[in-house]
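To keep things clear, I will list the structure first and then write my remarks on it.
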Amino acid sequence: MRVEPGARVLDIGCGPGDLVAALPQVDYLGFDPSDAYIASARERFGDRAQFRVGDVRSVEPDDLGRFDLVVAQGVLHHLDDAGAAQLFEIAAGVLADGGRLVTVDPCFAPAQSRLSRAIVSRDRGGNVRTIDAYRALASRSFRDVHIDEHHKLLTIPFSHAVIESSGAIRVDPVRKGQP
């Protein structure tokens with residue numbers, strides 16, 4: 001993740017907060033739609049991190065502030081294209097200048113084995129994409145999109161796309177009552 005101590009980190013879909021244990025001392029905010037995951041995260045890491053119940057459809061970016069790093073591990077493949085685009089938009093909207101979004105999700109890739117493709121195609125997320133499809137979604141909100149393809153992050157044959165996006169493209173939202 002290449003995160004410095006003291007950085008502000010937003011973890012979208014944080015689950016039980018496992019990422020907190022791997023980070024240096026940072027200003028961390030995680031959110032997840034699961035009440036149970038958030039309760040577990042608060043119990044385990046509540047002394048060094050903040051957690052909220054919510055998802056990309058319920059988060060108000062204006063209420064979050066600016067972050068140096070936004071992380072979404074295993075989230076995009078659970079979202080349809082509209083939800084994934086919203087995640088990228090939220091990340092672009094809350095990143096500080098020079099900030100980055102890092103996502104990790106299963107993918108379909110030319111170099112993956114047939115067994116990996118079969119396993120990935122059965123993922124319960126339901127929206128596993130090709131590398132090009134992930135790039136197209138990220139490029140709507142970021143100028144710089146770098147994707148690394150990995151085939152050995154797990155002990156089973158499985159392919160991942162690690163996406164690092166920067167250079168947020170910010171569009172001023174249209175306020176209610178304004179054209």
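The values are calculated or read from the model by the stated rules, or taken from the named source; none is laboratory data. The model shown is predicted, which means the values in this text are computed figures rather than measured ones. With ideal geometry, Cβ positions are generated from the backbone for all residues, glycine too; neighbour counts draw on all protein chains shown. What goes into the accessible areas is simple: the full protein's heavy atoms, side chains included, and nothing from ligands, DNA or RNA. Shrake-Rupley method; radii C 1.70, N 1.55, O 1.52, S 1.80 Å.
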Q: Report, by residue number, each residue of the stretch 1-32 that is in contact with a helix residue (DSSP H, G or I) (Cβ under 9 Å, 6 or more places away or on another chain), in a helix (DSSP H, G or I) and aliphatic (A, V, I, L, M).
A: Val20, Ala21
Q | Options Ile38, Ile119; residue that is open to solvent by 10 Å² or more (accessible area, probe 1.4 Å), over 21 Å from Pro5 (Cβ atoms) and in contact with a Phe, Trp or Tyr (Cβ under 9 Å, 6 or more places away or on another chain) | A | Ile119
Q. Of Ala109, Ala82, which residue is aliphatic (A, V, I, L, M), open to solvent by 70 Å² or more (accessible area, probe 1.4 Å) and more than 22 Å from Leu19 (Cα to Cα)?
A. Ala82
Q) Just wondering, is there one or more residues in the stretch 94-101 that are in contact (Cβ under 8 Å) with a residue 24 or more places away in the chain, open to solvent by less than 30 Å² (accessible area, probe 1.4 Å) and more than 21 Å from Arg2 (Cβ to Cβ)? A) no
Q: Kindly state which strands (runs of 3 or more DSSP E) lie completely within the stretch 33-144 and contain at least 1 residues that are under 27 Å from Ile156 (Cα atoms).
A: 67-73, 95-108
Q: Kindly indicate which of Asp35, Asp47, Asp11, Asp18 is closer than 19 Å to Glu89 by Cβ and of a type outside the set (Phe, Trp, Tyr).
A: Asp11
(Q) Anything in the stretch 125-166 that is without any contact (Cβ under 8 Å) to a residue 12 or more places away in the chain and either of a type outside the set (A, V, I, L, M) or within 13 Å of Ala111 (Cβ to Cβ) (or both)? List them, or say none. (A) Asp132, Ser139, Lys152, Thr155
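Hey, can you tell me all the residues within the stretch 49-73 that are out of contact with any strand residue (DSSP E or B) (no Cβ under 8 Å at 6 or more places or on another chain) and either open to solvent by less than 10 Å² (accessible area, probe 1.4 Å) or among the acidic types (Asp, Glu) (or both)? Working first, answer last.
Of the stretch 49-73, the ones out of contact with any strand residue (DSSP E or B) (no Cβ under 8 Å at 6 or more places or on another chain) are 57-58, 60-63.
Glu60, Asp62, Asp63 - these are the residues of the stretch 49-73 that are out of contact with any strand residue (DSSP E or B) (no Cβ under 8 Å at 6 or more places or on another chain) and either open to solvent by less than 10 Å² (accessible area, probe 1.4 Å) or among the acidic types (Asp, Glu) (or both).
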